[in-house]
Every structure is written in C-alpha cells, then in structure tokens.
Amino acid sequence: MATRSPVQRQFVKYTFFKVAPVWRGLPAADRDAMKQEVVDVLEAFAERMLIRVYSTVGTRGDTDLLLWTVSDRLEDFQELTSRLFGARIGTYLDIPHSYLAMTRRSQYIDNHSHEDQEGARLRVKPGAAKYFFVYPFVKTRQWYLLPLEERQQIMDVHIKVGHDFPKVRINTAYSFGLDDQEFVVAFESDSASDFLDLVMKLRETQSSLYTLRDTPIFSCISMTPAQALDALATTTIAAVPSAPTLAGAPS
C-alpha cells in the first residue's frame, strides 16, 4: 500500500492597514487610480497564495482594512507587503496591527474526530461568511503546567460549547516563537449575535480561567478588494454588500 504524503502546514498572516486621513482629501481620480493599482496587486498575488479582504471601516477606529493571507512560503507575505508599500497608495498606508501564525493539528481534538477531517487543521479552507472576528490569544503559564489529562477535560467542555454554535466556524493558528501571541483565532459567521453568544458562553467555562489576553478584537466585514477600498471613502448612502473575495493557489 502506498504511503500518503504528509499534509504541508501553512503560514497564516493577518495584516491590518490604516489609511492616512489626508488620502481622502486627494482628487477622486487619483484615489481611483490608486485603488485599482491595489486591486491589480492583490489579484496578481492571489495566483500563488490565498487572500481574503475585509473592511473594518466603522467597526474599529484604528484600522480600515484586513488582509487575511495564507501561503506555504513565509516570503510571500513580505513580498506582498513590499509591493503594496511600493504602490502609489503606499505613502498613505500604515500597519497598526499584524499577526503571524502557522497551522497545526490541535492536540485536543482526538475525542472529537468527527470534526477533524484529514488535514483540515493544516490547510486553511475559508468559507463564505459575511463576518470575520479576529483576535490574538495568550494563555497563562499555569495552563501549560497542568497535566495533559486535566487540560483535555477542560478543552472537551470548551469544544462542546463550540458545537452549540454550528454556524460559527473557527480558524485557529499557532504563533509560538513566531510572534508575540500564542494563537490567533478567527471566527467566520453570518451572524454577529451568534458569535457574541458563543463568547459569552465560553466565559462561563473553566478554560477562561487560563486566558491571559484575548484582545484586541476585530469585527470585520467581508468584501471584494474594490468594495473594501471604496468603503474607505464614498459619497453613496447605501451600504456596500458583502461578496466573495480573492482565493489563491493554496488548497
């Protein structure tokens, strides 16, 4: 019987951009040209990496745009960011928050094998939800000193609570040694109220005793690159509808 090749883990990057207020004062034609250049850059990079775009305009005061990017190569994130800074709009861009992580199979899901498809935790496969909730996460050092059996029991309850909210999909990435946080957790859902209720219920579990930090929290709206850039400044009244975004080479 032929052996199956191991599933390759992926790098995951959450990059939050802030656009300088002075950009909104530029002539509309200049802003439109800059926005199109950004769209062209993202479409080019989507051929070799997964890219999802979200707006945080109106939900956060310190960010305007999130790029959720996934790749097999760490260098892809550097090259994409460098290209965006090299575009005309780069003069007006800042990165107030940035989180780097990798995929890894959770050690606590063996008791929940029905949700662990082969490689599902190692290869990112985003859904098409309207909303995206992201935050860095750090556990206390006391958590890691608990016996594995006790941690498993605590996580069994934690995971069971998650099952009560099937329309909220979690994406967990690991940052140990790569960035300041230990995890980055990202939830996809079409219901902000479902996510709020999930977080409230998780606060009542024993696992919350071992949370050291789980902020800042970002509530993001899924958009195409063009829509997210238009949301930076518009003269229209109607809300921009959510839409599928770029999906690149990783599968």
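The values are calculated or read from the model by the stated rules, or taken from the named source; none is laboratory data. For clarity, every value in this text was computed on a predicted model and none was experimentally measured. Virtual Cβ from ideal backbone geometry, glycine too; neighbours counted across all protein chains shown. With ligands, DNA and RNA removed, areas are computed over all heavy atoms of the protein, side chains included. Shrake-Rupley method; radii C 1.70, N 1.55, O 1.52, S 1.80 Å.
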Percent of accessible area on the chain owned by carbon and sulfur, 1.4 Å probe? 54 percent
Keeping every protein chain present and rolling a 1.4 Å probe, give me the accessible area per residue for the chain in Å². 52 Å²
In region 126-214, if every C-alpha pair distance is counted and binned at 5 Å from zero, what percent goes to each bin? 3, 13, 21, 26, 20, 12, 4, 1
Normalised by the residues of the chain, what does the relative contact order come to in percent, with Cα pairs under 8 Å and at least six apart? 30 percent
How large is the convex hull of the Cα atoms of region 72-182 per residue, expressed in Å³ as a whole number? 146 Å³
Which translational diffusion coefficient, to the nearest whole µm²/s, is obtained for the chain from the Stokes-Einstein equation, given a Kirkwood hydrodynamic radius over C-alpha pairs, 37 °C and 0.692 mPa s? 169 µm²/s
Quick check: Cα centre of region 1-76 to Cα centre of region 157-235, how many Å? 18 Å
In deg cm²/dmol, rounded to 500, what helix-only [θ] at 222 nm does the chain give when every DSSP H run of at least 4 residues adds -39500 (n - 2.57) and the total is split over its residues? -8500 deg cm²/dmol
Out of the GluC sites (Glu not before Pro) in region 1-86, which ones are loop residues according to DSSP with at most 12 other C-beta atoms within 10 Å? Glu47
What base-10 log of the normalised intensity I(q)/I(0) is obtained for region 26-85 from the Debye formula, alpha carbons as equal point scatterers, at q = 0.16, 0.20, 0.27 Å⁻¹? -0.60, -0.88, -1.18
Spelling it out for Thr211: with amide H atoms placed in the peptide plane at 1.01 Å from N, the residues 5 or more places away or on another chain with amide H under 5 Å from its amide H are Thr140
Computed magnitude of the charge dipole of region 150-196 (debye, nearest 20; Cβ of K, R +1, Cβ of D, E -1): 180 debye
Of Tyr54, Tyr135, which has the most accessible area and how do the rest follow, probe 1.4 Å? Tyr135, Tyr54
